[in-house]
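Data first, discussion second: the structure below is written as structure tokens.
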Amino acid sequence: MKAIVVLLDTLNRHMLESYNPAAWAKAPNLARLAEKCTVFNNHWSGSLPCMPARRDLLTGRLSFLERGWGGIEPFDVTLPQVLRSHGIFSHIVTDHYHYFKTGGENYCQSFSSWDLHRGQESDPFVSRVNLPANMPQAYYGRVVPQYENNRSIIKNEEDYPGPKTMQAACQWLEDNEEAESFFLMVEAFDPHEPFDCPQHYLDLYQDDYDGPPFNWPKYGKAEEPPEALEHLRKRYAANLTMIDHWLGKLLKVMDEQRLWEDTLFILTTDHGFLLGEHDWTGKNIMHVYNELAHLPLMIHMPGLEPSEKRVESITQNIDLMPTILDYFGVDIPPVVRGRSLLELLKGKESAIRNYALYGMYGMTVNITDGVYTYLRAPVREDNTPCYTYTAIPTTFGSYLGAGYEKHIETGRFLPYTEYPVFRIPISQPGVPFRIAQHGQQSLLYHIALDYGQQMPVEDFEKIAFYKALLIQAMENEQAPQEQYSRLGLK
């Protein structure tokens, strides 16, 4: 038995033809893949952004209620570890360089083997002491010297990290064609920003923009001119088209090896990206709108001709780990909170959960039942009390606890493990919490009627209902007690 997961970072659901018939981005291989798969219409994120989402995927648990960005914890039970204990070889091929930064510990190392392709974003890859000579003086968004250095060695399309990742995945399948069992995870950073690709992909979108360079948006209010934002959307689409082209080469190898006959195939993403919607660009610092949280999921299960090609049941990325274990006939560890999707795929179950709980650490905690979405914000400007629980005190590129040393505690604070962890205060009484300021208001949306989340609902009975559902969901996920106080729930 074999399984392949393809994770395309920052893949906007609404840009895909299989989810949005009006989508204008050109992704023919993703459309072809959808024809081979069961398409899940109500699939949601859990923890955002990149590394929290991957911890969810590999552990089958939500992490955003306990900590933000960080490594796989010593007490985590991961998919590759469980597979290895049952004699199943696992491999990851990726250009997601965050795995090898501070705050990305122990993800790839749990696989039987791993393969990293360098050069995305600010990966400290091409080493130059002096600033690049081609640094623009005027631009929108961001320009980062390290990326300009990385970009300087790309001469052909095959040199981009995303295409190199897909080529390496194809080669791995060819090298292991005779294998009877394996788990392969293929991660492409594209279409994550910066939206950079050969010009011929941008030409597909008749882009005639002649303003300052704009391929790496800032995370903030969309203040650029309309023509610049239109150019940014076309750059995103062009980047998507490029990685779709190279995904097609992976699908071709699967065709040639007839892997569809004996291989579980899953394609999804970690989160979406705002390209001017809600007057924002980026992610992380605003409400987790549908464009960020409502995700594509396509699954091909060998030997199954599903009577329905669409699944409407609510699912989340925490469900993928138990699904893969279930497919391999491996018992799902009791600490896993996700549910296997196999019975949904077979049509033997109509639902596995009634809601999806999701969010970014320290910000709003959000819940949807597919009809309404409730975004519950911190009630205090200082966002107190807010703690991180971890045995590895790292975060995005740095260590946790600087300035809080005398307030850090150690103990067995997490109910699902006896492993002692640090409890580190992240908020300070009386000090405005920077990130939470962009999502300070609690909101309810009727997404069945207002999917774009433009008209908040002010029905107090409905708000009370979803507030109670949120409390129930947090209790089910064993949320730390201070989360209720932070959100004004108890």
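Given points 7 Å out from each Cα along the Cα-Cβ axis, report the residue 203 to residue 405 separation in nanometres with one decimal.
It works out to 5.9 nm between the two label points.
Taking a cut-off of 14 Å, what percent of all Cα-Cα pairs in the stretch 156-240 are separated by more than that?
The answer is 69 percent, as a whole percent.
If the cut-off is a Cα-Cα distance under 21 Å, which lysines reach residue 252, setting aside same-chain residues fewer than 8 apart in sequence?
2, 26, 36, 164
I need the phi-derived Karplus couplings for the stretch 116-130: 6.51 cos²θ - 1.76 cosθ + 1.60, θ = phi - 60°, integer Hz, Gly and Pro marked x.
Along the stretch 116-130, the couplings run 10, 10, 8, x, 6, 6, 9, 3, x, 9, 7, 9, 9, 6, 7 Hz.
For labels at residue 371 and residue 81 in the simple 7 Å Cα→Cβ model, what's the distance in nm?
Once both label points are built, they end up 4.0 nm from each other.
Per the Kirkwood definition applied to all pairs of different Cα atoms, how many angstroms is the hydrodynamic radius of the stretch 356-486?
Evaluated on the stretch 356-486, it is 16.2 Å.
Assign unit charges at the C-beta atoms only (+1 for Lys and Arg, -1 for Asp and Glu), then state the dipole size of the stretch 2-346 relative to its Cα centre in Debye, rounded to the nearest 20.
560 debye
With unit charges on the beta carbon (Lys/Arg positive, Asp/Glu negative), name the residue among 135, 240, 62 whose Cα is farthest towards the positive pole of the charge dipole of the stretch 2-346.
62
Expressed in nm², what is the orientationally averaged projection area of the convex hull enclosing the Cα positions of the stretch 118-181?
If you wrap the Cα atoms of the stretch 118-181 in a convex hull and average its projections, you get 6.2 nm².
Let me know the longest stretch in the chain that avoids all GluC sites (Glu not before Pro) found in a DSSP loop with at most 15 other C-beta atoms within 10 Å.
1-176
Excluding residues fewer than 8 places away in the same chain, name every one of the lysines whose C-alpha is closer than 26 Å to that of residue 462.
Partners within reach: 490.
Using amide H atoms built 1.01 Å from N in the peptide plane, name the residues 5+ places from residue 394, or on other chains, whose amide H lies under 5 Å from its own.
71, 400
Please compute the length gained on full extension between residue 17 and residue 431, using 0.36 nm multiplied by the number of residues separating them and subtracting their Cα-Cα distance.
In short, 144.5 nm is gained.
So what's the stretch 199-250 giving for Cα Rg divided by 2.2 N^0.38 Å, two decimals?
For the stretch 199-250, the normalised Cα radius of gyration is 1.26.
Mind grabbing the base-10 log of I(q)/I(0) for the stretch 238-287 at q = 0.13, 0.27 Å⁻¹? Debye formula, identical points on the C-alpha positions, no solvent, two decimal places.
-0.53, -1.07
Answer with one residue from 293, 197, 367: the one whose Cα lies farthest towards the positive end of the charge dipole of the chain, charges on Cβ with Lys, Arg +1 and Asp, Glu -1.
Most positive-ward Cα: 367.
Just the number, please: percent antiparallel of the DSSP beta bridges in the chain, rounded to the nearest 5.
Bridges in the chain are about 55 percent antiparallel.
Between rounded, prolate and oblate, where does the stretch 223-317 land on the alpha carbon gyration tensor, with a ≥ b ≥ c its root eigenvalues, rounded for a/c under 1.5, else prolate if a/b exceeds b/c?
oblate
Please state the shape class of the stretch 1-144: rounded when a/c is under 1.5, otherwise prolate if a/b exceeds b/c and oblate if not, all from the C-alpha gyration tensor.
oblate
Could you give the length gained on full extension between residue 262 and residue 349, defined as 0.36 nm per residue of separation minus the Cα-Cα distance, in nm?
Between residue 262 and residue 349, full extension yields 29.0 nm more.
What base-10 log of the normalised intensity I(q)/I(0) is obtained for the stretch 264-384 from the Debye formula, alpha carbons as equal point scatterers, at q = 0.14 Å⁻¹?
The computed values of log10 I(q)/I(0) come out as -0.71.
What list of ³J(HN,Hα) values in whole Hz, one per residue of the stretch 258-265 in order, does the Karplus curve 6.51 cos²θ - 1.76 cosθ + 1.60 (θ = phi - 60°) give from phi, with Gly and Pro shown as x?
Rounded to whole hertz, the list is 6, 5, 4, 7, 9, 10, 6, 10.
Calculate, in nm to one decimal, what residue 227 and residue 176 gain on full extension: separation in residues at 0.36 nm each, minus their alpha carbon distance. Mind showing how you got there, number by number?
Details: separation 51, 0.36 × 51 = 18.36 nm, distance 4.78 nm.
Length gained, residue 227 through residue 176: 13.6 nm.
Please list, by residue number, everything in the stretch 15-39 whose backbone N is under 20 Å from a paramagnetic label point 7 Å out along Cα→Cβ of residue 305.
33-39
None of the figures in this text is laboratory data; all of them are computed from the coordinates on show. Only a predicted model underlies this, so the values are computations on that prediction, with no experimental measurement involved. Glycine also receives a Cβ, built like all others from the backbone with ideal geometry; neighbour counts cover every protein chain displayed.
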